[in-house]
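See below for the structure under consideration.
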Amino acid sequence: LTLTSSTVQLLPLAEGRTRFTAALQGRAGHRAASAICTALRPMSSRRSSKPVAVATGVDSQRAQGKGGVAYDFSEVESRWQKFWEDKRTFATRRRTGKEKKYVLDMFPYPSGAGLHVGHPEGYTASDIMSRYWRMRDYDVLHPMGWDAFGLPAEQHAVATGTHPADTTKANIANFKRQLKSLGFSYDWERELATTDEDYVKWTQWIFLQLFKQGLAFQSQVSVNWCADLGTVLANEEVIDGKSERGDFPVERMPLRQWVLQITAMAEQLASELEGLDWPEGTITMQRAWIGKSEGAEIAFEVAETGEELRAFTTRPDTLMGVTYVVVSPEHAVATAAAESGAEQSDAVRSYVEEAKFKSDMDRTIAKEKTGVWSGMHVLHPISGEKLPLWIGDYVLASYGTGVVMAVPAHDERDFAFAEKYSLPMKTVVRPAADADDDGELKEAFTDMGVCVNSGDGLDGLSTEECKSAMVKKLVELGKGNAKVTYKLRDWVFSRQRYWGEPIPIYFPVTMEDPAGDPRKGDAHTIDFDSPIPVPEDQLPVSLPDLDDFKPGNDPQGCLARVLDWRFFQQDGKWFARETNTMPQWAGSCWYYLRFADPANSEQAWSAEAEKSWLPVDLYVGGAEHAVLHLLYARFWHKVLFSLGLVSTNEPFQKLVHQGMILGSDGEKMSKSRGNVVNPDDIVGEFGADAMRLYEMFMGPLEAVKPWQTEQISGVVRFQNRIYTLAAKAATAADADKTPLDEVTQRIMHQTIRKVTQDYDSLSFNTAISALMVFSNHLQSLKQPPAEALRALVLLVSPMAPHLGEEAWRLLGNEESLAYEPWPEYDDKLCEEATVNMAVQVNGKARATIQLAKDAGEADAKELALANEKVLKFIEGKEIKKFIYVPGRIVNIVAK
């Protein structure tokens with residue numbers, strides 16, 4: 001009935017079928033029309049010739065609950081949204097002596113596509129909890145902002161010439177409109193964007209604190225440079241040595257980069273996950289990414305040069321099984337071998353050049369490992385045996401020391417490499433001391449066991465015993481030491497792009513001609529080894545206005561071309577600004593702190609504001625941020641904690657990941673699949689509250705679930721039922737005088753208890769189910785008691801706030817219910833006065849009786865023996881035994 005914008009008529013079946021088919025053509029089709037007409041057949045049996053008008057389309061906004069009371073959700077929702085804004089209903093307050101709740105969403109990147117229905121799921125959950133906690137008398141901070149820097153806006157600028165700032169501003173306006181239309185109770189007075197000049201200033205200030213602590217430094221880092229695209233690519237953007245976009249050649253080349261030493265906090269980042277109320281899967285992923293490993297670092301001397309190579313291993317017990325050593329193609333030894341002019345140098349040079357066109361990811365996932373002999377050897381640190389030194393691209397310079405000691409008998413990768421290049425293998429671990437030697441190895445034995453073939457003092461030891469003994473021996477010989485390492489790599493912080501925060505560093509410039517001007521292209525040298533922090537009172541360093549955002553053919557990016565911005569004079573000397581910008585991660589590392597004190601122009605945040613609100617009590621966002629965003633934000637926070645700038649060791653106490661909402665086809669929503677559902681359409685047709693209720697009713701918050709628009713009708717009926725109950729109460733005489741009967745009182749207290757517990761556990765789908773049952777009961781009463789109606793409205797209001805406010809008004813209240821006390825329940829009043837019990841005859845259930853919970857055996861026996869169904873099975877028989885277990889069962893044994 002709601003698929004067209006015109007008014008259709010309810011007619012006798014035959015004519016109605018034709019009319020409906022025409023009205024639904026191109027939407028639901030003939031089968032849908034048949035289904036509707038079949039459902040209406042009882043109504044058509046009247047054979048009335050008088051048409052009955054039925055509202056559809058635009059008129060469907062005035063939906064009706066049972067009893068014919070119209071609910072104009074469009075008018076109601078817009079009116080209450082205006083009320084909240086005009087009255088500043090959700091402005092943050094901090095009262096002395098009150099407990100607080102800081103509820104935060106992972107703030108969104110405002111893309112040009114706007115929201116789809118999957119995005120508001122997490123926002124709805126956090127909004128429900130914010131509204132609920134306000135009613136529980138907590139002070140609530142619930143802000144919203146925009147992660148506004150990012151590559152998509154820059155790519156759009158390159159393609160269209162539109163400035164990223166203009167694109168971002170328009171996208172933010174659209175996102176904000178969509179969020180406001182859903183009635184979220186954000187404190188919009190605290191809104192911020194990472195692109196705001198005030199925000200950029202403090203992001204740069206935090207970078208300077210890292211720089212002062214030696215945690216931000218420059219390094220030559222191998223990057224994926226694509227000359228055809230004029231940009232540096234991430235590993236994920238390189239496939240088989242070519243760019244994912246355009247299929248252009250990509251070269252690995254060293255580039256000066258800013259790096260943050262996150263590894264300095266590796267131990268804290270791993271160990272201090274304990275005590276956080278986070279999903280176990282997320283904690284596991286964090287620990288895996290950090291990758292703590294305990295073992296030994298062992299020194300191997302290059303026989304030809306005397307140079308020392310150090311390799312880390314978690315299995316020092318297998319040291320006597322090392323038969324060769326491998327270094328990465330980027331290692332200095334590989335470079336020296338390529339340039340040595342020795343017999344192997346040409347082969348080495350060719351191999352090293354080929355490796356430049358492979359990304360780290362390609363090299364890591366390649367099934368077949370490749371390598372080349374360097375022409376050199378290393379000396380075994382204990383036996384002194386000469387071992388071949390190989391170069392292999394499966395060893396990464398960015399991981400560990402770039403050196404691997406190869407034990408092919410006990411490592412699958414080393415085994416495959418040795419088998420391919422006919423390198424020797426030596427068994428030094430067996431499952432047991434007396435295990436047979438099977439001769440030629442068929443595969444690597446990688447389990448723990450007993451040490452063999454390793455010499456006196458080691459043979460016969462268990463793996464763990466041998467590890468300790470081997471490390472002790474290495475220390476005595478000065479050839480190694482125990483060490484803890486982490487898979488975690490330092491954070492490459494530079495981006496050679498425009499749309500990001502400028503790094504607040506500059507460098508001295510030496511002019512070849514002292515009278516020269518670098519802005520005019522005069523010869524000069526930039527001393528990158530002498531970085532100078534921008535004075536804090538000169539922050540922020542702002543981006544220059546550009547018309548051309550293309551990176552060009554310089555790996556340093558487009559800012560290197562803006563000479564008037566890059567170069568400046570100070571005290572008669574020339575200096576050059578840093579042309580790298582920060583990654584998008586930077587702004588999202590600390591926004592939760594700025595929300596606590598967003599208008600502070602003197603500090604990033606005040607100590608008072610931070611202590612008032614931190615840590616975040618509930619952080620809601622997608623599982624796609626389970627590793628990097630959380631890791632980077634925790635790193636920044638721990639540095640700030642070590643400097644005494646924050647009072648808490650962790651930023652996010654409780655973390656919840658909402659499950660993904662798929663398209664109706666069960667696939668991830670995307671434009672290419674054509675399965676994206678725009679929330680504007682759902683709000684326009686059904687209302688914001690209906691959408692909120694449906695998203696929470698689809699299933700557990702954390703579950704993945706498909707969107708089905710046709711299923712919204714269930715929550716629409718529920719919404720209309722509540723409105724009808726309130727509207728009828730508003731017009732009923734003496735509605736407040738209706739007494740609360742015993743059954744309604746019990747159901748009310750049971751519902752308050754259930755919904756309260758469900759809110760506390762974020763189980764919104766079962767809370768809605770309980771409220772549906774309660775509303776159905778109230779609808780069955782001639783005049784529902786006012787106390788029960790008030791409880792129903794308050795309980796549903798966090799999930800359907802517009803409906804809650806309107807129903808509250810209809811019940812005679814003048815003020816918003818946003819801060820109304822939450823309904824209380826009494827456990828005693830939740831108890832059922834009677835119980836239903838099965839009655840068995842000779843072990844088989846034959847009937848059900850209802851009796852008081854505290855009924856004695858005599859009462860139970862009297863009721864059971866008087867039941868007609870029971871009498872049929874005991875008639876003519878002698879009752880041998882009567883068994884009564886209060887609250888559970890009645891059993892009659894009759895013969």
Scope the stretch 615-628; condition open to solvent by 10 Å² or more (accessible area, probe 1.4 Å) and either charged (D, E, K, R) or modelled with pLDDT of 95 or more (or both); matching residues: Pro615, Asp617, Glu624
Tally of residues being of a type in the set (Phe, Trp, Tyr), more than 15 Å from Glu294 (Cβ to Cβ) and at pLDDT below 95 across the stretch 480-508: 4
Near pairs, Cβ below 6 angstrom, 6+ apart or cross-chain, from the stretch 870-895 (surrounded by 10 or more Cβ atoms within 10 Å (Cβ to Cβ)) to any residue that is among the aliphatic types (A, V, I, L, M) and part of a helix (DSSP H, G or I): Val870/Ala864; Tyr884/Ala860; Val890/Ala860; Val890/Ala864; Ala894/Ile874
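This table checks each residue for (1) at pLDDT 90 or above; (2) surrounded by 14 or more Cβ atoms within 10 Å (Cβ to Cβ); (3) touching an Asp or Glu at 6+ places or on another chain (Cβ under 8 Å).
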{"residue": "Ala53", "(1), (2), (3)": "no, no, no"}
{"residue": "Gly57", "(1), (2), (3)": "no, yes, no"}
{"residue": "Gln64", "(1), (2), (3)": "no, yes, no"}
{"residue": "Ala70", "(1), (2), (3)": "no, yes, no"}
{"residue": "Val76", "(1), (2), (3)": "yes, yes, yes"}
{"residue": "Lys82", "(1), (2), (3)": "yes, no, no"}
{"residue": "Lys87", "(1), (2), (3)": "yes, no, no"}
{"residue": "Ala91", "(1), (2), (3)": "yes, no, yes"}
{"residue": "Arg95", "(1), (2), (3)": "yes, no, yes"}
So Thr167, is it of a type in the set (Val, Ile, Thr) and open to solvent by less than 10 Å² (accessible area, probe 1.4 Å): no
Those residues of the stretch 475-516 which are free of Cβ contacts under 8 Å to residues at least 12 places away in the same chain and charged (D, E, K, R), in sequence order: Glu476, Asp513
The one condition in (1) of a type outside the set (A, V, I, L, M, F, W, C); (2) buried (at least 18 other Cβ atoms within 10 Å of the Cβ); (3) assigned to a helix (DSSP H, G or I); (4) modelled with pLDDT of 95 or more that Gly183 fails to fulfil: (3)
Among residues of the stretch 825-844, those that are at pLDDT 90 or above, open to solvent by 70 Å² or more (accessible area, probe 1.4 Å) and either under 50 Å from the mean Cα position of the chain (by Cα) or not polar (S, T, N, Q) (or both), counted: 4
Qualifying positions in the stretch 562-579 - among the aromatic types (Phe, Trp, Tyr) and part of a helix (DSSP H, G or I): Trp565
Unique match (being at pLDDT 90 or above, out of contact with any Leu (no Cβ under 7 Å at 6 or more places or on another chain) and either open to solvent by 50 Å² or more (accessible area, probe 1.4 Å) or part of a helix (DSSP H, G or I) (or both)) among Leu559, Leu543: Leu559
Checking Met691 against (1) open to solvent by less than 10 Å² (accessible area, probe 1.4 Å); (2) under 30 Å from Gly663 (Cβ atoms); (3) in contact with a Lys or Arg (Cβ under 9 Å, 6 or more places away or on another chain), the condition it does not meet: (3)
Those residues of the stretch 643-680 which are of a type outside the set (Asp, Glu), without any contact (Cβ under 8 Å) to a residue 24 or more places away in the chain and open to solvent by 70 Å² or more (accessible area, probe 1.4 Å), in sequence order: Lys668, Ser672, Arg673
Residue count for the stretch 341-375, restricted to those that are in contact (Cβ under 8 Å) with a residue 12 or more places away in the chain, of a type outside the set (Phe, Trp, Tyr) and closer than 16 Å to Tyr421 by Cα: 10
Test: residue in the stretch 102-113 that is at pLDDT below 95, more than 18 Å from the chain's Cα centre (by Cα) and open to solvent by 10 Å² or more (accessible area, probe 1.4 Å): yes
Residue within the stretch 520-531 that is within 45 Å of the chain's Cα centre (by Cα), buried (at least 18 other Cβ atoms within 10 Å of the Cβ) and within 30 Å of Glu602 (Cβ to Cβ) present: no
Check on Leu789, surrounded by 19 or more Cβ atoms within 10 Å (Cβ to Cβ), part of a helix (DSSP H, G or I) and not aromatic (Phe, Trp, Tyr): yes
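The values are calculated or read from the model by the stated rules, or taken from the named source; none is laboratory data. Keep in mind the model is a prediction, meaning the values are calculated, not measured. Counting neighbours? That spans all protein chains shown, and the Cβs are built from the backbone with ideal geometry, glycine included. Keep in mind that these areas ignore ligands, DNA and RNA; they rest on the heavy atoms of the full protein, side chains included. Shrake-Rupley method; radii C 1.70, N 1.55, O 1.52, S 1.80 Å.
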